[in-house]
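The values are calculated or read from the model by the stated rules, or taken from the named source; none is laboratory data. From a predicted model like this one, the values you see are computed outputs, not experimental measurements. Every residue, glycine among them, receives a Cβ derived from its backbone with ideal geometry; neighbour counts consider all protein chains shown. When the accessible area is computed, the model is the full protein with side chains, heavy atoms only, and any ligands, DNA or RNA have been set aside. Shrake-Rupley method; radii C 1.70, N 1.55, O 1.52, S 1.80 Å.
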Amino acid sequence: MADFGWRVYHPNPSTPKYSVPQGAVDAHCHVFGPAASFPYAETRKYTPCDAPKERLWALRDHLGFTRNVIVQATCHGADNRALVDALQNSKGLARGVATVNKDIDQEQLLQLHQAGVRGVRFNFVKRLVDKLPYDALESICEKITPLGWHIVVYFEAAELPEHYGFFSGLPTDVVVDHMGRPDVSKSPQGSEFQGFVKLLQDKPNFWCKVTCPERITQQSSESYSDVIPFAKLVVDNFPDQVLWGSDWPHPNMSSHTPDDGNLVDVIPRIAVNETLRYKLLVTNPMRLYWPEETLRGD
Ligand code: 0GY
(Lines give C-alpha, C1' and ligand atoms only; values in the text may rest on other atoms or scores of the structure.)
Protein backbone atom coordinates (compact mmCIF):
# COMPACT_ATOMS: atom_id res chain seq x y z
CA MET A 1 0.00 0.00 0.00
CA ALA A 2 1.26 3.44 -0.91
CA ASP A 3 2.12 5.73 2.01
CA PHE A 4 -0.65 7.96 3.22
CA GLY A 5 -0.09 11.65 2.43
CA TRP A 6 1.85 11.33 -0.84
CA ARG A 7 -0.11 12.13 -3.94
CA VAL A 8 -0.88 9.81 -6.81
CA TYR A 9 0.19 11.03 -10.28
CA HIS A 10 -2.28 13.09 -12.32
CA PRO A 11 -4.95 10.80 -13.77
CA ASN A 12 -5.63 13.00 -16.79
CA PRO A 13 -2.83 15.46 -17.61
CA SER A 14 -3.62 18.33 -19.97
CA THR A 15 -2.35 18.44 -23.55
CA PRO A 16 0.61 20.83 -23.56
CA LYS A 17 0.29 24.03 -25.58
CA TYR A 18 3.97 23.70 -26.51
CA SER A 19 4.70 20.96 -29.07
CA VAL A 20 8.04 19.31 -28.44
CA PRO A 21 10.27 18.61 -31.48
CA GLN A 22 10.12 15.23 -33.13
CA GLY A 23 12.39 12.76 -31.35
CA ALA A 24 12.17 14.50 -27.96
CA VAL A 25 13.48 12.58 -24.93
CA ASP A 26 11.94 12.68 -21.46
CA ALA A 27 15.25 12.15 -19.66
CA HIS A 28 14.02 11.76 -16.08
CA CYS A 29 11.09 9.57 -15.16
CA HIS A 30 10.51 6.44 -13.13
CA VAL A 31 8.56 3.19 -13.11
CA PHE A 32 7.27 1.83 -9.79
CA GLY A 33 6.27 -1.79 -9.47
CA PRO A 34 3.68 -3.01 -9.90
CA ALA A 35 4.48 -4.29 -6.43
CA ALA A 36 2.81 -7.64 -7.09
CA SER A 37 5.50 -8.38 -9.73
CA PHE A 38 8.33 -6.14 -8.58
CA PRO A 39 8.18 -5.62 -4.80
CA TYR A 40 9.61 -2.47 -3.26
CA ALA A 41 12.91 -2.68 -1.38
CA GLU A 42 12.86 -3.50 2.30
CA THR A 43 15.26 -0.63 2.90
CA ARG A 44 12.97 1.96 1.25
CA LYS A 45 12.11 5.20 3.01
CA TYR A 46 8.73 5.54 1.27
CA THR A 47 6.24 3.37 -0.56
CA PRO A 48 4.93 4.93 -3.76
CA CYS A 49 1.78 4.05 -5.65
CA ASP A 50 2.42 1.65 -8.52
CA ALA A 51 3.37 3.48 -11.72
CA PRO A 52 3.79 0.77 -14.35
CA LYS A 53 5.51 1.03 -17.71
CA GLU A 54 2.25 1.02 -19.70
CA ARG A 55 1.21 4.27 -18.00
CA LEU A 56 4.61 5.76 -18.78
CA TRP A 57 4.35 4.90 -22.48
CA ALA A 58 0.83 6.39 -22.57
CA LEU A 59 2.09 9.60 -20.99
CA ARG A 60 5.04 9.75 -23.41
CA ASP A 61 2.65 9.56 -26.36
CA HIS A 62 0.19 12.02 -24.84
CA LEU A 63 2.91 14.63 -24.26
CA GLY A 64 4.39 14.11 -27.76
CA PHE A 65 7.71 12.61 -26.66
CA THR A 66 9.50 9.78 -28.48
CA ARG A 67 11.87 8.36 -25.86
CA ASN A 68 12.32 7.99 -22.11
CA VAL A 69 15.23 7.70 -19.72
CA ILE A 70 14.00 5.76 -16.70
CA VAL A 71 15.88 6.44 -13.49
CA GLN A 72 15.99 3.94 -10.66
CA ALA A 73 14.34 5.43 -7.58
CA THR A 74 15.28 4.57 -4.02
CA CYS A 75 12.02 2.74 -3.27
CA HIS A 76 13.33 -0.11 -5.46
CA GLY A 77 16.82 0.02 -3.90
CA ALA A 78 19.41 -1.84 -5.97
CA ASP A 79 16.81 -4.24 -7.36
CA ASN A 80 16.57 -3.08 -10.96
CA ARG A 81 14.01 -5.67 -12.16
CA ALA A 82 11.14 -3.22 -12.72
CA LEU A 83 13.51 -0.93 -14.62
CA VAL A 84 14.91 -3.76 -16.76
CA ASP A 85 11.41 -5.05 -17.49
CA ALA A 86 10.37 -1.59 -18.71
CA LEU A 87 13.50 -1.21 -20.85
CA GLN A 88 13.01 -4.63 -22.42
CA ASN A 89 9.44 -3.72 -23.31
CA SER A 90 10.25 -0.29 -24.70
CA LYS A 91 11.06 -1.33 -28.29
CA GLY A 92 14.41 0.40 -27.85
CA LEU A 93 12.77 3.69 -26.99
CA ALA A 94 13.92 3.77 -23.36
CA ARG A 95 17.29 3.77 -21.66
CA GLY A 96 17.91 3.37 -17.95
CA VAL A 97 19.95 4.59 -15.02
CA ALA A 98 20.33 1.85 -12.40
CA THR A 99 21.33 1.65 -8.76
CA VAL A 100 23.96 -0.99 -8.02
CA ASN A 101 25.91 -2.24 -5.03
CA LYS A 102 29.69 -2.21 -4.94
CA ASP A 103 29.91 -6.00 -5.22
CA ILE A 104 28.10 -6.15 -8.59
CA ASP A 105 30.08 -8.24 -11.10
CA GLN A 106 30.85 -7.66 -14.77
CA GLU A 107 28.33 -10.24 -15.93
CA GLN A 108 25.51 -8.48 -14.08
CA LEU A 109 26.65 -5.12 -15.42
CA LEU A 110 26.70 -6.51 -18.96
CA GLN A 111 23.14 -7.79 -18.54
CA LEU A 112 22.04 -4.33 -17.45
CA HIS A 113 23.87 -2.81 -20.41
CA GLN A 114 22.14 -5.18 -22.83
CA ALA A 115 18.78 -4.17 -21.36
CA GLY A 116 19.59 -0.50 -22.06
CA VAL A 117 21.14 0.79 -18.85
CA ARG A 118 23.72 3.51 -19.49
CA GLY A 119 24.41 4.90 -16.05
CA VAL A 120 24.25 4.50 -12.29
CA ARG A 121 22.68 6.83 -9.77
CA PHE A 122 24.38 7.97 -6.56
CA ASN A 123 21.66 9.38 -4.34
CA PHE A 124 22.83 11.56 -1.43
CA VAL A 125 19.44 12.95 -0.36
CA LYS A 126 19.29 12.17 3.35
CA ARG A 127 15.52 11.66 3.58
CA LEU A 128 15.77 9.02 0.80
CA VAL A 129 18.83 6.92 1.64
CA ASP A 130 21.31 5.96 4.34
CA LYS A 131 24.74 7.47 3.90
CA LEU A 132 26.86 5.88 1.21
CA PRO A 133 30.61 5.72 1.79
CA TYR A 134 32.63 7.33 -1.01
CA ASP A 135 34.96 4.32 -1.28
CA ALA A 136 32.00 2.07 -2.22
CA LEU A 137 30.95 4.60 -4.85
CA GLU A 138 34.51 4.77 -6.16
CA SER A 139 34.61 1.03 -6.65
CA ILE A 140 31.28 1.17 -8.55
CA CYS A 141 32.78 3.94 -10.62
CA GLU A 142 35.79 1.80 -11.55
CA LYS A 143 33.49 -1.01 -12.66
CA ILE A 144 31.20 1.09 -14.84
CA THR A 145 33.79 3.29 -16.54
CA PRO A 146 34.85 0.62 -19.09
CA LEU A 147 31.22 0.35 -20.22
CA GLY A 148 31.13 4.03 -21.09
CA TRP A 149 28.39 4.66 -18.53
CA HIS A 150 27.85 7.90 -16.68
CA ILE A 151 26.91 8.73 -13.09
CA VAL A 152 23.76 10.55 -12.03
CA VAL A 153 24.04 12.38 -8.70
CA TYR A 154 21.15 13.59 -6.58
CA PHE A 155 21.81 15.91 -3.65
CA GLU A 156 20.38 19.04 -2.03
CA ALA A 157 21.92 22.48 -2.54
CA ALA A 158 23.24 22.92 0.97
CA GLU A 159 25.20 19.67 0.65
CA LEU A 160 27.16 20.55 -2.48
CA PRO A 161 30.22 21.92 -0.61
CA GLU A 162 30.48 18.60 1.28
CA HIS A 163 30.49 16.57 -1.95
CA TYR A 164 32.37 19.02 -4.21
CA GLY A 165 35.74 17.28 -3.90
CA PHE A 166 34.29 13.83 -4.53
CA PHE A 167 32.27 15.06 -7.51
CA SER A 168 35.26 16.85 -9.02
CA GLY A 169 37.24 13.62 -9.05
CA LEU A 170 34.65 11.56 -10.93
CA PRO A 171 36.13 10.51 -14.28
CA THR A 172 32.92 9.81 -16.21
CA ASP A 173 30.19 12.11 -17.45
CA VAL A 174 28.17 13.17 -14.40
CA VAL A 175 24.53 14.27 -14.56
CA VAL A 176 23.10 16.33 -11.70
CA ASP A 177 19.45 15.74 -10.89
CA HIS A 178 17.10 18.69 -10.55
CA MET A 179 19.77 21.43 -10.71
CA GLY A 180 21.13 20.29 -7.36
CA ARG A 181 17.80 21.20 -5.69
CA PRO A 182 18.37 24.98 -5.35
CA ASP A 183 16.73 26.92 -2.56
CA VAL A 184 14.76 29.32 -4.77
CA SER A 185 14.09 31.72 -1.92
CA LYS A 186 17.72 32.73 -2.49
CA SER A 187 19.01 34.56 -5.58
CA PRO A 188 20.32 32.58 -8.57
CA GLN A 189 23.23 35.03 -8.42
CA GLY A 190 23.87 34.22 -4.74
CA SER A 191 26.79 32.17 -3.48
CA GLU A 192 24.85 28.90 -3.11
CA PHE A 193 23.61 28.56 -6.68
CA GLN A 194 26.76 30.17 -8.08
CA GLY A 195 28.72 27.37 -6.37
CA PHE A 196 26.76 24.95 -8.51
CA VAL A 197 27.24 27.06 -11.63
CA LYS A 198 30.99 26.99 -10.93
CA LEU A 199 30.89 23.19 -10.90
CA LEU A 200 29.30 23.21 -14.37
CA GLN A 201 31.84 25.78 -15.54
CA ASP A 202 34.91 24.03 -14.14
CA LYS A 203 33.88 20.53 -15.13
CA PRO A 204 32.88 20.05 -18.77
CA ASN A 205 31.99 16.42 -17.96
CA PHE A 206 29.08 17.67 -15.80
CA TRP A 207 25.53 17.85 -17.11
CA CYS A 208 22.45 19.29 -15.45
CA LYS A 209 18.81 18.20 -15.51
CA VAL A 210 16.70 21.34 -15.54
CA THR A 211 13.88 19.39 -13.98
CA CYS A 212 11.43 19.36 -11.11
CA PRO A 213 9.97 22.85 -10.81
CA GLU A 214 7.10 21.06 -9.05
CA ARG A 215 9.45 19.95 -6.23
CA ILE A 216 11.64 23.02 -6.11
CA THR A 217 8.98 25.74 -6.17
CA GLN A 218 8.08 27.46 -2.94
CA GLN A 219 4.93 29.03 -4.39
CA SER A 220 1.43 27.79 -3.85
CA SER A 221 0.47 28.25 -7.52
CA GLU A 222 1.65 26.00 -10.34
CA SER A 223 3.27 28.83 -12.32
CA TYR A 224 6.72 27.80 -11.04
CA SER A 225 7.91 31.34 -11.74
CA ASP A 226 10.35 31.22 -8.82
CA VAL A 227 12.20 28.27 -10.42
CA ILE A 228 12.37 29.65 -13.98
CA PRO A 229 15.33 32.05 -13.44
CA PHE A 230 17.48 29.20 -12.11
CA ALA A 231 16.69 26.83 -14.98
CA LYS A 232 16.97 29.56 -17.62
CA LEU A 233 20.37 30.61 -16.30
CA VAL A 234 21.65 27.04 -16.67
CA VAL A 235 20.15 26.53 -20.15
CA ASP A 236 21.48 29.90 -21.39
CA ASN A 237 25.00 29.28 -20.11
CA PHE A 238 25.39 25.54 -20.62
CA PRO A 239 23.20 24.74 -23.65
CA ASP A 240 25.12 21.56 -24.50
CA GLN A 241 25.08 20.17 -20.94
CA VAL A 242 21.36 20.23 -20.13
CA LEU A 243 18.61 17.61 -20.11
CA TRP A 244 14.88 17.85 -19.43
CA GLY A 245 12.58 15.30 -17.80
CA SER A 246 9.01 15.12 -16.58
CA ASP A 247 9.86 13.38 -13.26
CA TRP A 248 6.70 11.32 -13.67
CA PRO A 249 5.16 9.88 -11.46
CA HIS A 250 6.46 12.56 -9.06
CA PRO A 251 7.18 10.49 -5.94
CA ASN A 252 6.95 12.14 -2.53
CA MET A 253 4.81 15.07 -3.59
CA SER A 254 2.44 16.43 -0.98
CA SER A 255 1.94 20.08 -2.00
CA HIS A 256 0.05 19.46 -5.26
CA THR A 257 -0.50 16.91 -8.01
CA PRO A 258 1.59 18.14 -10.95
CA ASP A 259 -0.14 18.34 -14.32
CA ASP A 260 2.43 16.89 -16.72
CA GLY A 261 1.06 18.98 -19.61
CA ASN A 262 1.70 22.10 -17.56
CA LEU A 263 5.26 20.90 -16.84
CA VAL A 264 5.93 20.58 -20.59
CA ASP A 265 4.70 24.15 -20.99
CA VAL A 266 7.53 25.26 -18.69
CA ILE A 267 10.06 24.24 -21.37
CA PRO A 268 9.73 27.34 -23.63
CA ARG A 269 10.09 29.54 -20.53
CA ILE A 270 13.49 28.08 -19.66
CA ALA A 271 14.77 27.37 -23.20
CA VAL A 272 13.71 30.47 -25.02
CA ASN A 273 14.43 29.66 -28.65
CA GLU A 274 14.16 26.67 -31.00
CA THR A 275 17.91 26.02 -31.02
CA LEU A 276 18.08 25.77 -27.23
CA ARG A 277 14.96 23.61 -27.08
CA TYR A 278 16.26 21.20 -29.72
CA LYS A 279 19.52 20.76 -27.82
CA LEU A 280 17.70 20.28 -24.51
CA LEU A 281 15.15 17.78 -25.79
CA VAL A 282 16.89 15.95 -28.64
CA THR A 283 20.59 16.57 -29.31
CA ASN A 284 21.87 16.37 -25.74
CA PRO A 285 19.93 13.33 -24.48
CA MET A 286 20.59 11.47 -27.74
CA ARG A 287 24.32 12.14 -27.39
CA LEU A 288 24.32 10.71 -23.86
CA TYR A 289 21.86 7.82 -24.20
CA TRP A 290 21.72 6.86 -27.88
CA PRO A 291 25.16 7.93 -29.20
CA GLU A 292 25.11 5.21 -31.86
CA GLU A 293 22.08 6.85 -33.49
CA THR A 294 23.67 10.28 -33.27
CA LEU A 295 26.75 8.93 -35.08
CA ARG A 296 24.57 7.34 -37.77
CA GLY A 297 22.83 10.70 -38.17
CA ASP A 298 19.34 9.27 -37.59
C1 0GY B 1 13.04 12.14 -8.04
C2 0GY B 1 12.93 12.57 -6.70
C3 0GY B 1 12.70 11.96 -5.54
C4 0GY B 1 12.77 10.58 -5.28
C5 0GY B 1 13.71 9.80 -5.77
O6 0GY B 1 15.05 7.95 -5.79
C7 0GY B 1 14.04 8.44 -5.32
O8 0GY B 1 13.34 7.88 -4.51
O9 0GY B 1 14.48 10.24 -6.74
C10 0GY B 1 12.48 12.83 -4.40
O11 0GY B 1 11.80 12.42 -3.43
O12 0GY B 1 12.97 13.98 -4.42
O13 0GY B 1 14.13 12.15 -8.60
O14 0GY B 1 12.05 11.84 -8.68
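Observations on the structure shown:
- Whole-number percent relative contact order across the chain, with pairs defined as alpha carbons under 8 Å at least 6 apart: 22
- Carbon and sulfur %, accessible surface of the chain computed with the full protein complex present, 1.4 Å: 52
- The length gained on full extension between N12 and A136, counted as 0.36 nm times the residue separation minus their Cα-Cα distance, comes to 40.5 nm.
- Theoretical gain in end-to-end length, D265 to K203 [0.36 nm per residue, Cα-Cα removed]: 19.3 nm
- For the range 6-59 and the range 170-228, distance of Cα centres in Å: 22
- Neighbourhood charge, 15 Å Cβ-Cβ cut-off, centred on D103 and excluding it, Lys, Arg +1 and Asp, Glu -1: -4
- Sorting H62, H28 by solvent-accessible area of protein heavy atoms yields H62, H28, largest first, with a 1.4 Å probe.
- Exposure ranking of M286, M1 by accessible area [1.4 Å probe, largest first]: M1, M286
- Using a probe of 1.4 Å on the protein chains alone, the accessible area found for D236 is around 70 Å².
- Based on protein heavy atoms only, the chain ends up with 43 Å² per residue of surface accessible to a 1.4 Å probe.
- Over 20 Å between alpha carbons, listed pairs K131/K232; K53/K209; K53/K91; K102/K131; K198/K232: K131/K232; K53/K209
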